[in-house]
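So the structure is just underneath, and the comments pick up after that.
The values are calculated or read from the model by the stated rules, or taken from the named source; none is laboratory data. Everything numeric in this text was worked out from a predicted model, so none of it was measured. Positions of Cβ are generated from backbone atoms using ideal geometry, with glycine treated the same way; all protein chains shown enter the neighbour counts. Side chains included, ligands, DNA and RNA excluded: accessible areas come from the protein's heavy atoms. Shrake-Rupley method; radii C 1.70, N 1.55, O 1.52, S 1.80 Å.
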2 protein chains.
Amino acid sequence: MDTISIIGAGGWGTALAVMIAKNGYQVRLWARRKELAATLGRERVNHQYLPGIVLPNSIVVTTHLSEAGQADAVWFVTPSTALREISNSLAATTSVGPSTILISAVKGIEHGTGSRMSEILAATFPGRPVAVLSGPNLAVEVANFMPTATVIGALKEEVGMHLQRIISSKSLRAYTSSDVVGIEVGGALKNIFAIAAGMADGLGLGDNSKAALVTRSLAEMARLGLALGGKRETFQGLSGAGDLILTCFSRHSRNRRVGERIGAGEHLKQIQSSMQMVAEGVPTVQSARDCAIGLAVTTPIINEVYSILYENASPAVAMERLISRDLRSEED
Amino acid sequence: MDTISIIGAGGWGTALAVMIAKNGYQVRLWARRKELAATLGRERVNHQYLPGIVLPNSIVVTTHLSEAGQADAVWFVTPSTALREISNSLAATTSVGPSTILISAVKGIEHGTGSRMSEILAATFPGRPVAVLSGPNLAVEVANFMPTATVIGALKEEVGMHLQRIISSKSLRAYTSSDVVGIEVGGALKNIFAIAAGMADGLGLGDNSKAALVTRSLAEMARLGLALGGKRETFQGLSGAGDLILTCFSRHSRNRRVGERIGAGEHLKQIQSSMQMVAEGVPTVQSARDCAIGLAVTTPIINEVYSILYENASPAVAMERLISRDLRSEED
C-alpha cells in the first residue's frame, strides 16, 4: 500500500489526509506543534481546525519530519511564509526518494523572492516531480463529502494523473492541467481580492459594488497572471474565477472575513491576534505588488489593499478611489 | 429640457425614472396597470416594487402610451415576454420622432423567434437609433444611491455617450460599449444560471459546488454568447461575469430565489403564483435552449434547468448529473 505524507495539520491538511486515507492509502500527517499532534493522535479529531471529522486509523500523526520523506507523494499544506523553512528541514532530515512527488497545496507567493510555492519545492528537491493543487475548496465541505471540484497542475501528465487517482472520489473530483503557473498564481492572488471584497462588505457598499469589484478582480488576476506566465483559460476556470468567487462570497473565507473586519473599522493587528488561522492574502499582497511593479502591470485593487494593510490608508477612501477610478474602458 | 420616457413601472423602471429625473430631465413613467399608475401619481412612492423611494416632481406617471412617444429617449423596462406587444402598441398610437433613441433595459430572448430585445425595437421602429442597458444593477441599491456600474451598448458611439450623460451620476457609473449583442445575451443568459445556482443553494450542496457551477456557467455563457455573435471580453465584463455573479449570490435576486425554492422542493407554478415579479430566467431558458440547439452549442446547465422547469426532472438528479458529468477538460 502506498504511503502519502501530508505536511501541515491545519484544516486543509487534515481534510486532505482524511480524503486520501479513505481512498485506501497509508497517511502520515505531520503537525509542527507537539500539543496539536498529541491531541490529534489521542482524540483522532482536529477540534481546532476541522471539528467533527474523525481521522481514519490509517492516518499516523507525527511531529518528526524525518518520517515524512519516504512516501509516494508529499503534500505541503503549510502557511506560505513557512514553506521554504519546512521544506528545507525536510530535505535536511531525510532523503526523499527520486520518484517521490512533491505537491504544494499552499496559496501564496514568497515575499522578497517572488517565488511560487512549487518553485520553492523544485529548488529544494531537485530532480523530483513537482505539482500543485488548487481550486474552490473549503476544507470543511471537502471533509464532509460535499461535492467539490479541484485542479491538479503538473508539467508531466502522468504525474497529474497519478495524483488524481490518489485524491479523487465520488464527492471530490480532480481535474488535471499543465498550467502550473496559472493555477498557483490564481490561488495566490484570489486571497488579496477576497480581502477587497470583504472590505466592500464591511463598508456596506452593497451587492452592485461588490459584483463590479469582483469582476474587475477577475480582470486584474488575469492581467497580472498572464504577465507572470499563466494561461488565460486557467484564470477563467476553477482555480481562477472559481476560487475567486468562492473566497469573495463564502462566509467561511478567512480572507474575506479579514477584509470585512477592516472595512468595519478594526485594525489588522487586532484581527490577526484574534484569528487562529492564517489569512494568506495579508503576506501575499506584498509579493503581488512587488511582482506587478517589476512587470509594470496595472493592479489598482492590489495596490489599494496594500495601502490599507501596510500604509494605514483608510478603507473607505481607498474603496471610493477604486470605484470612482476614471476608466477608459471596462478592461482598464 | 429634454424629456425621457420610461415604459414599465416595476422596480427597475421606477429606479431608472428616479435617477434620470434627479439628473434634471422631465420623465414620463408609463405603467400598464391603472391602479399602479393612480397610486404612483397620488402617493409618489412605488410601494409594491420600490418601497421607500420618493418620485421627484419631474416624473409624470401615465397609462397612455400615446404620451410616451415624443421624447429624447424611450427606455423599455417591461417583462421580456411583453416587449413586442407594448412596443407595437407604442408604434401604433403615436409617431416616434426620427431621432428618438429606443433603449432596452429588458433581460431576455424572445421565445419562438430567438430575437434579442433590441432586435424587436429595431424592427418596430425602423431607422431609429437603438441601444441597450445591462449590468449588475439591483434596482433597490441604484435608487438608494449605492455605488453601481452599468453598461450601455450602442452601435454608434454618440448614441451611447448621449445615454451615458442622461443616466450617469456620482453613484451610478455608466460605461459604453459597441457590443450590443454580447451585452444583451449576457444579461439574458445569467438569469438561467442564477436559477441553477439557486437550486444548488436550495439543495444545500455547499459553497464549493456552487462556485464550480458558477464558473462553468461563465464558460457556458461565453460559449453560447460567442456563437450568437457577442464578444469574448464582454462576457468577462460587468454585463457578463459581473451580472452573473450578482444574480447567483445576491439575496435580492428573483431568479436565484426561484431556483432556491425549486431546490427546496416547491413546484414552479406554486412559486410563480406567489411572486409579484417576473423571474426572466423562466421564459428565457426556453429561448436559450432553442438557440443552443440551432447553433449546435453544448449547454449542459441550460439543458438541465430546462428539464427541471419544463419536463418535471428532479432538481437533485439533474444537479447531480451536472456535477458528475464526465469532462475531458474544464472547458467542456
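What the table below lists for this structure:
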read-out: Label-to-label distance, nm, for residues given as residue A:178 and residue B:165 (7 Å Cα→Cβ offset); value: 5.4
read-out: Whole-number D in µm²/s for region B:106-156 (Stokes-Einstein; Kirkwood sum over Cα pairs; 4 °C, 1.567 mPa s); value: 101
read-out: 1.4 Å probe, heavy atoms, protein only - residues of region A:233-256 losing at least 40 Å² accessible area vs chain alone; value: A:236, A:238, A:245, A:249
read-out: Chain A, closest residue to the rotation axis toward B, by beta-carbon, whole angstrom; value: A:249, 2
read-out: Summed buried accessible surface, chains B and A, 1.4 Å probe, nearest 100 Å²; value: 3400
read-out: Of B:265, B:303, B:315, farthest towards positive along the dipole that unit charges on Lys, Arg, Asp, Glu beta carbons give region B:253-331; value: B:265
read-out: Modelled FRET efficiency - R0 35 Å, residue A:99 with residue A:233, Cβ distances, 0.05 increments; value: 0.70
read-out: For residue B:270, label point 7 Å along C-beta direction: distances to other copies, nm; value: 4.7
read-out: Test item: Cα-centred dipole of the protein assembly as shown, Lys/Arg +1 and Asp/Glu -1 on Cβ, debye; value: 840
read-out: Inter-label distance, nm, simple model (7 Å from Cα along the C-beta direction), residue A:35/residue B:156; value: 7.3
read-out: Between region B:264-328 and region B:1-59, the Cα center-to-center distance that results, in Å; value: 34
read-out: Cα-based Rg of the protein assembly as shown normalised by 2.2 N^0.38 Å, two decimals; value: 1.01
read-out: Region B:1-126 - percent of accessible surface contributed by carbon and sulfur, probe 1.4 Å; value: 51
read-out: Förster radius 35 Å - calculated FRET efficiency between residue B:145 and residue A:293, Cβ distance, rounded to 0.05; value: 0.45
read-out: Mean Cα-pair separation over length for chain B, i.e. relative contact order, pairs under 8 Å, 6 or more apart, %; value: 14
read-out: Debye intensity ratio I(q)/I(0), log10, chain B, q values 0.12, 0.13 Å⁻¹ (C-alpha model); value: -0.79, -0.93
read-out: Shortest-first distances to equivalent copies, position residue B:314, nm, label 7 Å out along Cβ; value: 5.7
read-out: Sequence of B:150, A:93, B:94 when ordered by accessible area, the most exposed leading, probe 1.4 angstrom; value: A:93, B:94, B:150
read-out: Cα gyration tensor shape of region B:199-332, rounded if a/c is under 1.5, else prolate or oblate by comparing a/b with b/c; value: rounded
read-out: Cα gyration tensor category, rounded, prolate or oblate, for region A:236-312 with a/c compared to 1.5; value: oblate
read-out: Cα-Cα pairs of region A:83-168 separated by more than 17 Å (percent); value: 53
read-out: Average accessible area per residue (Å²) across the protein assembly as shown - probe 1.4 Å, nucleic acids and ligands excluded; value: 38
read-out: Listed pairs A:210/B:34; A:22/B:190; A:190/B:269; B:34/B:269; B:22/B:107 exceeding 29 Å between Cα atoms; value: A:210/B:34; A:22/B:190; A:190/B:269
read-out: Two-site FRET efficiency, residue B:64 against residue B:252, from Cβ-Cβ distance with R₀ of 30 Å, rounded to 0.05; value: 0.40
read-out: Inter-copy label distances at residue A:252 (7 Å, Cα→Cβ; nm, one decimal); value: 2.8
read-out: Area accessible to solvent at residue A:291, 1.4 Å probe radius, in Å²; value: 20
read-out: Carbon + sulfur, % of accessible area of region A:204-245 - ligands and nucleic acids excluded, 1.4 Å; value: 56
read-out: Modelled label reach - residue A:314, point 7 Å along Cα→Cβ, region A:189-218 residues with backbone N closer than 18 Å; value: A:199-205
